[in-house]
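Comments concern the structure below.
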Amino acid sequence: MITIKHVSLIFLLLGALFLAQVSLPLIGFKVWESVILSGINLTSPQPPDINSPVWGVTVENRSNFPAIVSSLNRVSSAPYSNFSLEILRLKKNFLVGVDSNDLDSGPVQLPGSALPGEKGNLFISGHSALPVFSSSGVAPFANLTNLKKGDLIKISAAGVDFTYQIFDIKIVDPKNLSIIAPPDNTGRYLTLMTCVPPGLNTKRFIVVGKLI
């Protein structure tokens, strides 16, 4: 016979299981940040004022989420509305929306940033989440922190393939707008951004690659 004591015990166990699902990834991330990233330069050279205004780009509070939003417009519209992003290490392939600020629809390319293969910085953002929620499809970049320097990222746009190789990984403040600018004025770069720790939006995890 099931008693109130048994029911209470079941709810207690379920609560403990849920708490473990939430807390262990956060603890694991802090360990990863302090140990795995100990040999990675997380303070890559930045402009004197990392929060200085970027023309047409702001940080806005959207549903308690500090999001980078762009109002930049192209001289001519992009020749396609989306392109394919393949992250080889993660064995994941995503469809990226072009010139969009709507991260709820999936990974998006920041309006006005470079298109695949173009000179400048192709800037792509995507949501992350705790592992227990990452399979829902709303957090395409949930495992972005598994990437390493030297990893390859392939992009296919309008039938043309481009390959970028990761050379920089760092964690920055949500209001740091310097990550939008390319490292120099001559190269062709790709930046992927998501929130960390998983399930929170305290910091931003940044992966930077260069066209090879």
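Nothing in this text is a laboratory measurement; each read-out follows from the coordinates by a stated rule. Bear in mind the structure is a predicted one, so any value in this text is a computation, not a measurement. Here the Cβ is made from the backbone with ideal geometry for all residues, glycine too, and neighbour counts use every protein chain on show.
Mind listing the phi-derived Karplus ³J(HN,Hα) values for the stretch 200-212, rounded to whole Hz, using 6.51, -1.76 and 1.60 with θ = phi - 60°, and x for any glycine or proline?
Once θ is set to phi - 60°, the couplings for the stretch 200-212 become 10, 10, 5, 9, 10, 9, 10, 10, 10, x, 10, 4, 10 Hz.
Highest first, please rank the peptides 173-184, 115-126 by the mean number of other Cβ atoms sitting within 10 Å of their residues.
Values: 173-184: 16.5, 115-126: 20.6.
Descending mean neighbour count gives 115-126, 173-184.
Set the Förster distance to 35 Å, then compute FRET efficiency between Leu95 and Ile10 from the Cβ-Cβ distance, nearest 0.05. Each step should come with its number before you reach the end.
Details: r = 42 Å, r/R0 = 1.19.
Between Leu95 and Ile10 the formula returns 0.25.
Would you mind computing the Rg to Rh ratio of the stretch 43-211 from its alpha-carbon coordinates, Kirkwood style for Rh?
Numbers: Rg = 14.7 Å, Rh = 16.0 Å.
Taking Rg over the Kirkwood Rh, I get 0.92.
Taking amide H positions as placed 1.01 Å from N in the peptide plane, with prolines and chain starts having none, which residues 5 or more places from Asn82, or on another chain, fall under 5 Å of its amide H?
Placed amide hydrogens put Val98 under 5 Å from Asn82.
Could you work out how much longer the chain between Glu86 and Thr58 gets when fully extended? Use 0.36 nm per residue separation minus the Cα distance between them, nm to one decimal. Don't skip to the end; give the middle numbers.
Numbers: separation 28, 0.36 × 28 = 10.08 nm, distance 2.81 nm.
Length difference between fully extended and current span is 7.3 nm.
In sequence order, what are the phi-derived ³J(HN,Hα) couplings for the stretch 182-190 according to the Karplus relation 6.51 cos²θ - 1.76 cosθ + 1.60 with θ = phi - 60°, rounded to whole Hz, with x for glycine and proline?
Result, ordered by residue: x, x, 8, 9, 10, x, 10, 10, 10 Hz.
Cα to Cα, under 23 Å, and not fewer than 8 places away if on the same chain: which lysines meet these conditions relative to Lys119?
Excluding near neighbours in sequence, the set is Lys149, Lys154, Lys170, Lys210.
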